[in-house]
Every structure is written in C-alpha cells, then in structure tokens.
Amino acid sequence: MDRKYDVTALGELLIDFTENGKSAQGNPVMEANPGGAPCNVLALLNRLGHKTAFIGKVGDDMFGSQLADALSEVGIGSSGLIRDKEIHTTLAFVHTFPDGDRDFSFYRKPGADMMLKKEEIPDEIIRGSRIFHFGSLSMTDEPCREATKYAISLARKSGAILSFDPNLREPLWDSLDTAREMIDFGMRNCDILKISDNEVQWFTGLDDLEKGAEEIRKMYQPKLMLMSLGKEGSVAYSGDARAFVKPFLQEHTIETTGAGDTFCGSVLHYVLTHCEEGAGIRAFSETELTRMLQFANAAASIITTRRGALRVMPSMEEIEALLRERT
C-alpha cells in the first residue's frame, strides 16, 4: 500500500503564551507561540524532510487563524484541521522557573481541541500514513475521546505503526482515575511508547525508574519504549536491548517547552529511516538504540535554547553539528 504521509498526528493544537521579558512597567510580556505536543512532533519531522499531516480542531478566531498559518508555514498537512465557530481555541500560559522547569495554566473548559467528533476524522489520511501518533489529552473529554479511539482503530486496521506519548497534564483531567484509564488504553494500543520519568513514577507508584519501566514493558509489551529523564538523559528499550545516553546540556537553555516533543519526533525519524516501509517496526540493537538516543537528545537540547517550538525546530545540519562536537 502506497502511504502518502510518513506521520499523521491527532490531538491538541493551541497557543502557548510564554514569558519573554518584562514591559517598561515591570509586567511580564507574554509571547503567543503556536504549540501542542502532536504538532511539535510533526514540525520536527517536517524539518527533517518527512511528509506529515495533522488532525484536530481550533476555534474560528484569531488564534485559530494563527495556528492554521503556522501549520502551513512549517509544511504540516492541514486538510484534517477543522475550525469550530462556537468554541474558542485552547490557550496555555507557561511560567518558566529559573531551573527551566515549567508550570502550566490552561484555558480549556471547553477548548476547541476537545470538540473533535468521530465523524470528522478523515479516514483516508490515517489509512495513508506509515505512523499514527497520539497523546492522552485528546481523551480527556467527549466527543474527542471517541474520535481518538476511532482514529486509533483505523490506524491499527490500516497496518500503521502506532506511537503514543501520554504527556500527562494533571490540571486538564477532571479525575486522575480517568487519566490512568485513558493512558492505560493508549499504552495497550501502541507500538512505540515515549514516556517521561515522572509519568512512570505516577503510573506505577514506583520510585525506582528501572523497576517502573520494566513493569510497564511487562504489562504492555511496546515494541520500542523510550523513557526521558530530563537533565539526566534518556533510556530506550527494544526486545532484550537497552541503551542509556546522557543529555547534551546547553549553557544557553531558555526553557524546556517542546523538548520532549522534539525528542519524540527524532525517535520517529529514526524509525522511519531504519524500518522497511510496510513491514512495521523491527527490533533494534543496543548500538542502534544508542545512536537513536544520541540524535534525539541532541535535537531536544537545541530546542531548549529557543523560545517556543513549532516554528523553530532544529535542522538536520544543526543536530549533526552538535553530535560531531559532543560525541
């Protein structure tokens, strides 16, 4: 089957208001950056030469127009983007602490991204994709929860590789029991699982990350699992192979927004370029996992030196230059 798209992602597309200095009066100046984890992943993949598509919903407002323009600007296919005339585009305000960590305040009760319906899913886009990527935020509420589950089912039937990043944002869930249930669903329906250290601890209740990761692998058996460790680096598992790679810490880090998405997109790039089309995902050796993580860690470190993510993803040349310098 001829696949038109390398990766299609479904989920939230929103405005990230990030701090960018202070005004003359001493007030924080907020910059309206296009964001949303699924599209950040796609933006990195587009930057690396892959063909991508997005499925989601924004408001028929000024922010929705800004986001539609941003997708067009970076080359993400937007025929699956729908404008809602009734509900405004979702907004997120991001406060960055001195150590680079973040705190989010969301304006999403409701937000347009939550209103995607099952009947609005473009079947042909999903059937024509090598990889289908999704997160948990499109499953916080109906009708988008049903739409997401339908899209996952379509992707599975079409033979696509399924990629899942829980991307837990606790304030967006009415119940953490529901969050656990939906993240469980995502992990039961993915081939590639990208998960953070704090999500492993939250989901398993184990402080020992290796034990937590092994519990998740045993329970869900993803073909490829990545665990991001923030400033400590990252770990990858495939079959019996395991690799750990230290981070590429940057002297000029501004914020970490989009770092995990850049990491995830880099992993999908490696899968696309090292797996035969139509054959699904294969097992990777320790050496291959190490190279995969080195590339992903390098790309993620570059994005931490920039404000925003979607519009400013690193190029292949920038990533390779950092790898030559640090490895």
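Each reported figure results from applying straightforward, stated rules to the coordinates on display, with no laboratory input. The structure displayed is predicted, hence computed values, not measured ones. Glycine also receives a Cβ, built like all others from the backbone with ideal geometry; neighbour counts cover every protein chain displayed.
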Exercise. Where the only charges are on Cβ atoms (+1 Lys, Arg; -1 Asp, Glu), what is the dipole of the chain about its Cα centre, to the nearest 20 debye?
Worked result: 640
Problem set entry | Nearby aspartates and glutamates by direct alpha-carbon distance to Lys246 (threshold 13 angstrom, same-chain neighbours under 8 apart not counted) | Glu232
For this session: Within the stretch 241-294, report the GluC sites (Glu not before Pro) that DSSP leaves as loop and that have at most 16 other Cβ atoms within 10 Å.
Result: Glu251, Glu276, Glu277
For this session: Would you work out the relative contact order for the chain, in percent, from Cα pairs under 8 angstrom that are 6 or more residues apart?
Result: 17
Exercise. For the chain, modelled as a Gaussian network with Cα springs under 10 Å, which listed residue fluctuates most, Gln25, Gln66, Gln294?
Worked result: Gln25
Problem set entry | Computed FRET value (nearest 0.05) for Ser153 with Lys246, which takes r as the C-beta separation and R₀ as 41 Å | 0.60
Problem set entry | Dipole of the stretch 175-248 [Lys/Arg +1, Asp/Glu -1 at C-beta], most positive-end residue of Asn189, Leu209, Met219 | Asn189
Problem set entry | Cross-link partners of Lys4 among aspartates and glutamates (Cα-Cα below 20 Å; sequence separation of 8 or more within a chain) | Glu73, Glu120, Asp123, Glu124, Glu276, Glu277
Exercise. Looking at Ala309, Met139, Tyr5, which one has the Cα that reaches farthest to the positive end of the dipole of the chain (charges on Cβ: Lys, Arg +1; Asp, Glu -1)?
Worked result: Tyr5
Seminar exercise, completed: Per residue, the convex hull enclosing the Cα atoms of the chain spans a volume in Å³ of 131
Seminar exercise, completed: Largest fluctuation, Val267, Val74, Val58 only, Gaussian network model of the chain with Cα springs under 10 angstrom, belongs to Val74
Problem set entry | Inter-label distance for Thr253 and Asn198, nm, one decimal - labels placed 7 Å from Cα along Cα-to-Cβ | 1.3
Exercise. Which distance in nm do the two modelled labels at Arg311 and Ala68 give, with both placed 7 Å along the Cα-to-Cβ direction?
Worked result: 1.8
Exercise. If you build a Gaussian network model of the chain, linking Cα atoms that sit under 10 Å apart, which residue out of Thr287, Thr18, Thr256 swings the most?
Worked result: Thr287
